[in-house]
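Data first, discussion second: the structure below is written as C-alpha cells.
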C-alpha cells in the first residue's frame, strides 16, 4: 500500500464530499486541505475547552460538584461509542442518496489504485469529514475534565474516539460495498415492488434516525450506553468506551480494551478491503416496471382545467417522488414533523384539559404544513436536474408549467393537513368549528407555500446532479424556509390575537382568510414573473 | 420557401463571445450541416434557434413567428436533440415518450401508433418498460431522437444526433432525415464526422470562433479553399486554421 497514494486519495475524496454538499466556495476552498480540517478540530476543542473551563471556574454552584463530576465521567465514557454510532448513521444517510449508476462509473474504478489503498483513503476521508463530531463532544467535555482533574480520562477518550472514528468509517466502507451489491441483486428480481419497498424502508430509516436525534432521546441513549457498558462488554463497538471507563475507574484493563479496539478496527478494515475487492464495480441494473404491452396513458381522474401537458408533468413529478432514492427524504418530512407535533400537542392537551388552546395549537399545526409544502415546492424546479432541457424545449406556457408543479405540492399538502387534523383531534379533542377553522387555515397555507416555494425554486434553482443534491441553492433554501414560516404566521396573526379580542372572532377569521388570499395572489404573480425570467436562458 | 431565418445573431457569456453576428436561412427540403471545432458556437447557436437561449442581438424567424416573441409557437414547430441529451432516468422509455407526446398535445391514437413504430424501427422494442436509468448511452440517444420526431415537427434541429448510435440505427436516422426532407421538413444538424456531413447534407456551414467562415455545398467549399481535389477534412482544417496536426503530434511524441 502506497502511503502517498492513500493520502492523496483521501484529500480528493474529502474535497469531493465537501463540494458535493455545496457548502460554499470559500468554505470548500479553505477546508479542501486536510490539515486545515485537523486545525479546525484542534481549534474547536481548544475554544470549547477554554470556554467550559472559564464557565465552570466562575459559575459552578457549591454543592453540585459531585453530581457534575459523575455526569462528566459518563459523558467522557460515552463519546467513543457515540462517535462510531454517529459516523455510521451519517454514512448510511449519505449512501442512501447515492445512485448505483454513479458508483459504477466512479472515476476511481478506473485509476491504478488497489482496493486496500482505496478503502484506506476512503476511510481516512470519512474520518476527516466527520471528525467535527467527536471534536465538538471532546471540546465540550475538556473544560469540566480539567476543572475536576480528569484530564487522564479525557486523553483516553480522545485516543479511543479516534479509534472509534476509524471503526465507524470502516463499517461505512463495508456498507458501501454490501448495499451496492444487494441493490443490484434486489432490483434485478423485484422491479416495481422493489421500488416501493425501498421507498418505505428509506422513509422508515430516515424517520427513525431523525427522531433518535431529538434532544430527549439522545440523552436517554447516552445514559443507556453508560449504564450498560459493563453488561455489553462483548460488543466490539463498545470496547473503546469500556477502555475509557476503565481509566476512569482506575482498573487495570484499559490497555487490553484499547488493544482490542485497535485490533477490531484493523479487522474491519481487512473485511472492507475484501468486500471492496470482490464488489469493486457494482453492476447497474435494468429495472423493469411493467411487462404489459404499451397503451397510451389516460388520466384516471380528470381534473377540470388541467391540460394533458400539465397532467403529464404532474405524473412525472409523482413518479420522481416515489422512484428516486434521493427524494425519499422529502417524503419523510411529514412523518418527522407530525411526530414532533404529536409530542408537543400531548403536552398542551394535558396542560389545558380537554378544550383546545387555539393560540398555542395554530403554530404547532401550521408550521409543519408550511415546512413540508415549502420544501416540496422550492425543490420542485431544481429536481428536474440536467433533464430540464425537456421542459425548456417543450411548447409550454409558464402558467401551465407552474400549475402542474403546484398541483402535486397542493395535493400532498392537503393530505398532510388531513393527517395533522386527525392527530389534533386525537390529542386535544377540539370542537367541530375549530376543526373547520384549522382545516381552512391549513388549505390557505398549503396554497401560499406552494406558490411562494415556486418563486424560490425559480429564483434559486440548482440543477446540478450529485450526491445529496439540494435542488435549490443554500441561500434560497434558508430564505425560503424563513420567509415561508413567516408567511404562515403572518396569515394566522389575526387568529393568534383572538384571546385578546374574544368578541371579534368573526372579524378575525375574515381577516385571516383575506390576508391568506392576498398573499396567495401576490406569491403567484411574482412566481410567474420569476419563472418567465428563468425560461429565457437555459442554465445548463 | 424560407422556413428559418437567422438574422445577425450574437450571444456572449461574460467575456466570451460565443456567437458573433451570424446570419443564414434554411429553406424547406434542405439538410444543412453545421460544422466547426469544439467551442466554435454551434451548440449555442442551436439553443438560440430553438428558443431556449436569448440572443444578445439579432432575431430568429421561424415561418411566420419570431422565436423570441412567440417562443411557445416556435417550439411547437421544432424537434430538437441536444448534445448528450439527459433524460428523466426514473421514467421508463415508454413513460418518457408518453410524457413528451402529452407536452406536444398528441392525441391518444397518434401517440400510440407513432411511439410503437419508432420503438420498433430503432430496436427499442422489448426494452420500453425498463427504467431509462439502465439504458446505454446509445439507447438514450435513440429515445431523444424519437422524442424530437414524434410530433412531426416542421423543422429538425439536431446537435450531434448520431453520437453513440450503432451503425444500423445511425443509418435509420440518416434515412429518416432524408424522409423528412422529402416531406418538406428541413434539418440542421451539427457533427464532427465530416464524412457523414458530406454524405447527407445539401449544404454546409462552417463556424469558427463564433462566426460563419464558409457556407455552401461540399464542392463549393473545396473550391473556395483552393483545394478542389482534396477531402472535406482537409478543407475543414485549412479553413479553420487547425491544419498543424502533424506538428502537434510530433511535439507530443518528443
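No lab work stands behind these numbers, since they all come straight from the coordinates. Bear in mind the structure is a predicted one, so any value in this text is a computation, not a measurement. Methodologically, a virtual Cβ is constructed for each residue, glycine included, from the backbone with ideal geometry; neighbour enumeration extends over all protein chains shown.
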**Item:** Gain upon complete extension [residue A:178, residue A:418; 0.36 nm per residue less C-alpha separation]
**Value:** 82.4 nm
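Looking at the square roots a ≥ b ≥ c of the eigenvalues of the Cα gyration tensor of segment B:118-254, which shape do they give, rounded for a/c under 1.5, prolate if a/b is larger than b/c, or oblate? Please report the intermediate quantities before stating the final value.
Numbers: a/c = 2.74, a/b = 1.60, b/c = 1.72.
Here segment B:118-254 falls in the oblate category.
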**Asked** Tell me, how many Å apart are the Cα centres for segment B:186-214 and for segment B:84-153?
**Response** 27 Å
**Message:** Give me the percent relative contact order of segment A:308-534, please, defined on Cα pairs under 8 angstrom at least 6 residues apart.
**Reply:** 28 percent
**Degrees separating the helix B:108-121 axis from the principal Cα axis of chain B, which is the longest one** = 50 degrees
**Message:** Place a point 7 Å from the Cα of residue B:63 along the Cα-to-Cβ direction; which residues of segment B:177-195 have their backbone N under 19 Å from it?
**Reply:** B:180-188
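Sort B:123, B:113 so that the residue with the fewest other Cβ atoms within 10 Å of its own Cβ comes first and the one with the most comes last.
Working: B:123 15, B:113 12.
Least to most surrounded, the residues fall as B:113, B:123.
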**Request:** Between residue A:8 and residue A:539, with labels modelled 7 Å along Cα→Cβ, what's the label distance in nm to one decimal, could you check?
**Result:** 3.6 nm
**Message:** Modelling each spin label as a point 7 Å along the Cα-to-Cβ direction, I'd like the residue A:151/residue A:35 distance in nm, to one decimal.
**Reply:** 2.6 nm
**Asked** Out of the DSSP beta bridges found with both residues in chain B, what percent are antiparallel (nearest 5)?
**Response** 55 percent
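Once R0 is set to 35 Å, what does the formula 1/(1 + (r/R0)^6) return for the Cβ-Cβ distance between residue A:474 and residue A:318, expressed as a FRET efficiency to the nearest 0.05?
Efficiency, from the Cβ-Cβ distance: 0.85.
Provide the FRET efficiency to the nearest 0.05 for the residue B:253-residue B:113 pair, computing r from the beta carbons and using R0 = 60 Å.
Taking R0 as 60 Å, the efficiency between residue B:253 and residue B:113 is 0.60.
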**Fill in**
Two pseudo-spin positions, 7 Å from Cα along C-beta at residue A:204 and at residue B:175, lie apart in nanometres by 5.3 nm
**Message:** Which of B:52, A:88 has the fewest other C-beta atoms within 10 Å, and how do the rest follow up to the most?
**Reply:** A:88, B:52
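Taking 8 Å as the Cα distance limit and 6 or more residues as the minimum spacing, I'd like the relative contact order of chain B as a percentage.
On the way: 446 pairs, mean separation 64.2, N = 254.
Result for chain B is 25 percent.
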**Fill in**
Proxy exposure order for B:211, B:42, B:111, B:120 (fewest C-beta within 10 Å first) is B:120, B:211, B:111, B:42
**Message:** I'd like to know how segment A:107-158 sits against the 2.2 N^0.38 Å rule of thumb: what's its Cα Rg over that expected value?
**Reply:** 1.76
**Asked** Per residue of chain B, what 222 nm ellipticity follows from adding -39500 (n - 2.57) for every DSSP H run with n ≥ 4, rounded to the nearest 500?
**Response** -11500 deg cm²/dmol
**Message:** Using only the alpha-carbon atoms, what does segment A:308-534 span along each of its principal axes? Please give whole angstrom values in decreasing order.
**Reply:** 57, 34, 33
**Fill in**
Classified through the alpha carbon gyration tensor (a ≥ b ≥ c as square roots of its eigenvalues; rounded if a/c is under 1.5, else prolate when a/b is larger than b/c, else oblate), segment B:33-141 comes out oblate
**Message:** Suppose we take every Cα in segment B:2-216 and form the convex hull; what volume per residue is that in Å³?
**Reply:** 120 Å³
**Request:** Can you grab the distance from the C-alpha centre of segment A:489-512 to the C-alpha centre of segment A:112-149, Å, no decimals?
**Result:** 52 Å
**Prompt:** Assuming R0 = 56 Å, what is the FRET efficiency of residue A:501 and residue A:397, from their Cβ-Cβ distance, to the nearest 0.05?
**Reply:** 0.80
